[in-house]
Amino acid sequence: MTPAGSSAGLLIGTGIGQGIARGPVARMSPPPAAPVAERSSLAPEEETARVAEAIRVVAADLAARGEQAGGEAQEVLEAQAMMAQDPSLAEAVEAKAAEGYRAEWAVHSAFEEFAEMLKGLGGYLGERAADLNDVSQRVIAHLRGLPAPGIPDPGHPFVLVARDLAPADTALLDLDKVLALVTVEGGPTSHTAILARSAGITAVVGARGAAALAEGQEVIVDAASSQVIADPGPEQLAEAERRIEQRSAVQAAPVTPGALADGTPVPLLANLGSPDGAQHAVELGAEGVGLFRTEFLFLSSDRAPSVEDQTAAYTELLKAFPGKKVVVRVLDAGADKPLPFLTNDEEENPALGLRGIRALLAKQEILEDQLTALARAEAAAEADVWVMAPMVSTVEEAEQFTELASAHGLKTSGVMVEVPSSALLAEPILQRTGFASIGTNDLTQYAMAADRLLGSVASLQDPWHPAVLRLIREVGAAGQVTSKPVGVCGEAAADPLLAVVLVGLGATTLSMAPAALAEVRYELSQHTADSARAAAAAALGATSAAAAREAAREALATQHAQ
Ligand code: PEP
Ligand code: MG
C-alpha cells in the first residue's frame, strides 16, 4: 500500500473490503460555518437552556436513526447520542455561557476541547473525536435553525465524497444511490470504515487528494487496490465494468459450504461483535461463528458485566446457530479496546501491557464469571461452543486457560495466535490446548512493530508480508503435526487471494466479516489444495508484501493454465 497521496488522476487511500464501483462524485453538504466568540444579549441560563434543548433534539434524532438502521449501526449511534449527553460536556458548555458567550460558541468551544482531549488519548478513543465533532455540528445547525449537515441527493446514483463521514450518516446510506464512499480523512479503524465494512459498501478512506474532486467528476473507486481514479480513460472504465459484473455474479451465486475446487472443505465462519448481526450472517452463508468479540458488548461499561447479563447475550447468539460451531473469545481488553474494569489506562505502552489473557489472569474472577456464563449459555442452546483466549504469548498461559475452561465444563478451548511468540511455539501450545485461531491483525502489528491504528505506518500493517506469512506457516504446520484445527479470524481471511494462501499455509477454517463471505467462497472454489500450497510457497519466497501478493497471483494463474 502506498502512503496516502495522489498523482494525476490517481488518489491513494485505504481500501475497505474488495469492492469496485464507478460513477459521478457528489459531495457532502457542508457543515455549518464555525461560530465566532460572540457575546450574548441573553442571560447565561437562557443560552444554557437553548443548548440543552438542541442537545436533546440531536440525541433523540441520533437514537431514532440508530433504531431505523439496527445492528452494529444502532450501537454506534446510541453511543454517539450518549456522548452528546455527557454531563461533563454540559458543565463545560454552561461554564462558557456563564462567561457571557452565545450558545453556538459555547457548544463549539466546549466540544472542541473534548475532541482534542480524545485525540490526545489516541487509539479507539482518539477515533471517537470525529463522532464528537459531528454531534457539535448537528447541535450548532439546530441552534441556527439549519438542517443537519448530511448526504446529498443529486437525483441519480453517485460516489459520495466527504471529508469524514459521521456514523449517523454512514448508517443510513441508501445503497441503491450511493455507489461507493470516499473520505479524505479517517483510518481503517474509524467508525466510518467499520460500518462501511459491515454494510459491504465499497469504500476508500483517508484519500487526502479526494478533497480536490469536483461535483459530477467521474471516478472509479477500487477498494481492493486502495485507489480512486479520477477521469478514467476508456480502458480503465472497461476493466472496471468487467470487475463490477464479475463481483455481482459472485455476490448472486448460490450459497454453498466453503470448499476448494477439489472438494477439500474449508468452513467459512463469521466474525461478530454482537448477537444482532447473527441472522444476517446466517443468510450470507456463515457456517458458524469463528470469532465472537465479547468485549464489544461491554466497551461502555465501567463495571464488570454480571454472569446473568452475559448468559443472556451469549444464549441469544448461540440460538442463531443450532448445531453449528460458535467460537467465543473471552474479553480482549487493552490498547484500542480499553475496558475500565480490566485495564489500567496509565500504562505508557498499552499494546505491550497487561492486556488480553494477561489482564484476565490478573483478575481471574472476571474470567471465571465469563466462563460460567458461557457454560450456562451452552446448556441453554444447541450450538457447539468453542472458547478461546486472546493475546496468548506463552505455553503456560495456554495451559492455564485450557484448565480453567475445562474446570467450568467447557469442552473445547483454544488460543488465539496473534503474538509472534505463540506462533513460534505453536506446536507445544497445540499439544496442550484444543485449537488455534490466528489473529492476523495483531500478529501483523507485532511482527512488523507497526501500530494497527497509525496511518503513518499503514504500509507496514500488511498481512501479505512474508514475515507474517512465515509465522502463519509455523502455526499451520503445528496444526498438521498435532492434528488440531487452525483457523484464521483476522482481516486477512477476508481478502480472497490471501484466503487461498492461508489455506495453503495450513488454515482449516476462515472467519471474516459476513459481507466478505461470498467473494472468499468463490475464490476458494477456483483452486485446488495443491494450487493453494503452490501459491503459499511462492508468497513465502518473496521479500515484500507486494511481491508476495504478485507471486501468489502468478502461481495460481500458472496452476490454472496447466
Ligand atoms: C486480530 O488481532 O486479528 C483479531 C482477530 O482480533 P482483534 O481484531 O479483535 O484484535
Ligand atoms: Mg487481536
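Before moving on, here are some points about what is shown:
- Among 397-405, 251-259, 429-437, the order from most to least packed when residues are scored by Cβ within 10 Å on average: 429-437, 397-405, 251-259
- Out-of-range pairs (alpha-carbon distance over 27 Å; input LYS337/LYS363; LYS337/LYS484; LYS119/LYS177; LYS325/LYS484): LYS337/LYS484; LYS119/LYS177
- Distance between the range 280-301 and the range 178-257 - C-alpha centres, whole angstrom: 25 Å
- Coil-residue trypsin sites (Lys or Arg not before Pro) of the range 101-180, DSSP, other Cβ within 10 Å capped at 14: ARG144
- Within the range 336-428, the trypsin sites (Lys or Arg not before Pro) that combine a DSSP coil assignment with at most 13 other C-beta atoms in a 10 angstrom radius are LYS411.
- If you take all other residues with their beta carbon under 15 Å from the beta carbon of HIS156, and give Lys and Arg +1 and Asp and Glu -1, the sum is -2.
- Using alpha-carbon coordinates, inclination of helix 466-482 to the longest axis of the chain, degrees: 50 degrees
- Rounded tilt (10° steps) of 307-319 against the dominant C-alpha axis of the chain: 70 degrees
- Note on the range 284-440: Cα-only Rg and Dmax are 14.8, 44 Å.
- Rounded to 10°, Cα long-axis angle of helix 44-69 versus longest principal axis of the chain: 30 degrees
- Comparing Cα centroids, the range 128-147 and the range 444-507 end up 40 angstrom apart.
- Area projected by the alpha carbon convex hull of the range 348-422, averaged over all directions, nm²: 5.2 nm²
- Spread of Cα-to-Cα distances over 20 Å intervals beginning at zero, given as percent, for the chain: 21, 54, 24, 2, 0
- Rg [Å, one decimal], Dmax [Å, integer] - the range 421-533, C-alpha atoms: 13.8, 40
- Ranked by the mean number of other Cβ atoms within 10 Å of their residues, highest first, the peptides 228-241, 543-556 come out as 543-556, 228-241.
- Straight-distance crosslink candidates among lysines, where the alpha carbon sits under 16 Å from LYS324 and sequence neighbours closer than 8 are dropped: LYS411
- P(r) histogram, all alpha-carbon pairs of the range 44-143 included - 5 Å bins from 0, percent: 2, 15, 24, 24, 18, 11, 5, 1, 0
- Direction-averaged projected area, Cα convex hull, the range 303-342: 3.5 nm², rounded to one decimal.
- Rounded to the nearest 20 debye, the dipole magnitude of the range 44-143 is 140 debye, with +1 charges on Lys and Arg beta carbons, -1 on Asp and Glu beta carbons, and the Cα centre as origin.
Any read-out appearing in this document is the output of simple, stated calculations on the displayed coordinates, not a laboratory observation. For clarity, every value in this text was computed on a predicted model and none was experimentally measured. No Cβ is skipped: glycine too gets one built from the backbone with ideal geometry, and neighbour counts run over all protein chains shown.
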